[in-house]
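A.B. asks: Right, I'll just put the structure down here and ask away after.
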Amino acid sequence: MTTYNPKTVTDQSGSHDPVKVKVRHLTKAYDELLVLNDISFDIRKGELLCIVGPTGCGKTTFLNCLTGFAPLTSGEILIDNEPGNLFRHNIGFVFQEPSTIPWLKVWDNVAFGLKIKKLPPPEVISRVEKMLDTVGLRRFVDYYPRELSASLEQRVALAREFAVKPDLLLMDEPYGQMDIKLRYYLEDEVRRIQMEEGTTVAFVTHNIEEAVYLADRILVLSQKPSTINEEVAIDLPRPRRFDAPEFVAIRNHVTEAIKWW
């Protein structure tokens with residue numbers, strides 16, 4: 001049986017790439033409820049970081065702090081050495097639930113961010129068409145979100161965020177409502193697009209296998225008030241095989257690192 005001996009993470013991701021996101025002493029409380037407790041780490045440019053932990057530990061709260069949706073109680077989050085700002089930084093966010101615009105058809109939903117950025121119409125068309133093909137929505141372009149299944153609607157949200165080519169993409173359990181075959185396909189597409197565009201990705205998931213499959217590094221959070229239990233560098237070759245002994249060993253190690261109770 002293959003066992004996994006985690007490497008000491010001395011430079012966060014093990015990479016010499018510049019830091020994209022710097023989190024220092026992040027603390028978040030809602031009144032008397034302390035959710036995140038003095039968390040510090042970096043996300044390097046072009047890295048795909050997965051964040052795992054027990055249910056309710058504050059994974060989504062962390063992403064909300066990154067975007068500014070949730071103000072910090074104390075500490076700081078810097079993006080490119082500046083305080084995070086949705087108006088200054090090119091940030092994409094894919095939520096757990098579909099976040100489509102109900103009065104726009106699929107094509108216009110995917111084009112929405114591109115039009116906000118005032119890209120030239122030919123480029124808008126090119127990017128939208130490419131994303132529609134990538135996520136398999138070509139035949140649904142004239143549908144409204146209410147006419148789609150939850151799975152299809154989430155694909156619209158994914159296409160919209162990928163189309164704007166964000167520098168930083170935050171993903172909060174985006175595949176929870178998708179069947180397993182589509183989930184595997186979109187996991188591969190996320191990784192392919194991320195590597196092609198050099199996008200930095202913070203990906204929250206409760207699925208340990210998904211985290212090991214996608215991540216360059218996994219951040220394991222504790223129960224509330226959340227701290228970092230462990231950082232696990234994943235140096236397996238790609239494409240990764242779920243049944244490879246090394247893969248299984250890392251999956252088991254991360255599972256053991258999560259304190260479920």
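Nothing in this text is a laboratory measurement; each read-out follows from the coordinates by a stated rule. As the structure is a computational prediction, the values presented were derived from the model and not from experiment. Cβ coordinates were reconstructed from backbone atoms using ideal geometry, including for glycine residues, and neighbour counts include every protein chain displayed.
A.B. asks: Which far-off residues, 5 or more places away or on another chain, put their amide H under 5 Å from the one on V94, with H placed in the peptide plane?
C.D. replies: Hits under the 5 Å cutoff: L170, M171, D172.
A.B. asks: Using the Karplus curve 6.51 cos²θ - 1.76 cosθ + 1.60 with θ = phi - 60°, work out ³J(HN,Hα) for each residue of region 54-65 in order, rounded to whole Hz, and write x for Gly and Pro.
C.D. replies: Couplings: x, 4, x, 7, x, 4, 5, 4, 4, 5, 5, 5 Hz.
A.B. asks: A further question follows. Post the alpha-carbon centroid distance, region 177-253 to region 30-81, in whole angstrom.
C.D. replies: Their Cα centres are 18 Å away from one another.
A.B. asks: Here's a follow-up. When the chain is fully extended, how far beyond the present Cα-Cα distance does L78 get from R138, taking 0.36 nm per residue of separation?
C.D. replies: Extra length available between L78 and R138 comes to 17.8 nm.
A.B. asks: Of S149, S99, S40, which is the most mobile in a GNM of the chain whose springs link Cα atoms less than 10 angstrom apart?
C.D. replies: S149
A.B. asks: Treating cross-link reach as a plain straight distance, find the lysines whose alpha-carbon is under 17 Å from the alpha-carbon of K20, omitting any fewer than eight places away in the same chain.
C.D. replies: In chain and number order, the partners are K45, K165.
A.B. asks: Binning every alpha carbon pair distance of region 104-165 at 5 Å from zero, what are the percents per bin?
C.D. replies: For region 104-165, the pair-distance distribution reads 4, 22, 36, 23, 12, 3, 0.
A.B. asks: Gaussian network model of the chain, Cα springs within a sub-10 Å range: biggest mean-square fluctuation belongs to which of F95, F62, F140?
C.D. replies: Of F95, F62, F140, the most mobile in the Gaussian network model is F140.
A.B. asks: Further, regarding this structure: Using a Gaussian network for the chain with springs between C-alpha atoms less than 10 Å apart, which of these wobbles most: Y30, Y175, Y143?
C.D. replies: Ranking Y30, Y175, Y143 by mean-square fluctuation puts Y30 first.
A.B. asks: Which percent, to the nearest 5, of DSSP beta bridges fully inside the chain are antiparallel?
C.D. replies: Within the chain, antiparallel bridges account for around 55 percent of the total.
A.B. asks: Suppose every Lys and Arg Cβ carries +1 and every Asp and Glu Cβ carries -1, with no other charges. What dipole size does region 104-165 come out with about its Cα centre, to the nearest 20 debye?
C.D. replies: With only Lys, Arg, Asp and Glu charged at Cβ, the dipole is about 180 debye.
A.B. asks: So for the chain, Kirkwood radius off the Cα pairs, Stokes-Einstein at 20 °C and 1.002 mPa s: how many µm² s⁻¹?
C.D. replies: Answer from the Stokes-Einstein relation: 112 µm²/s.
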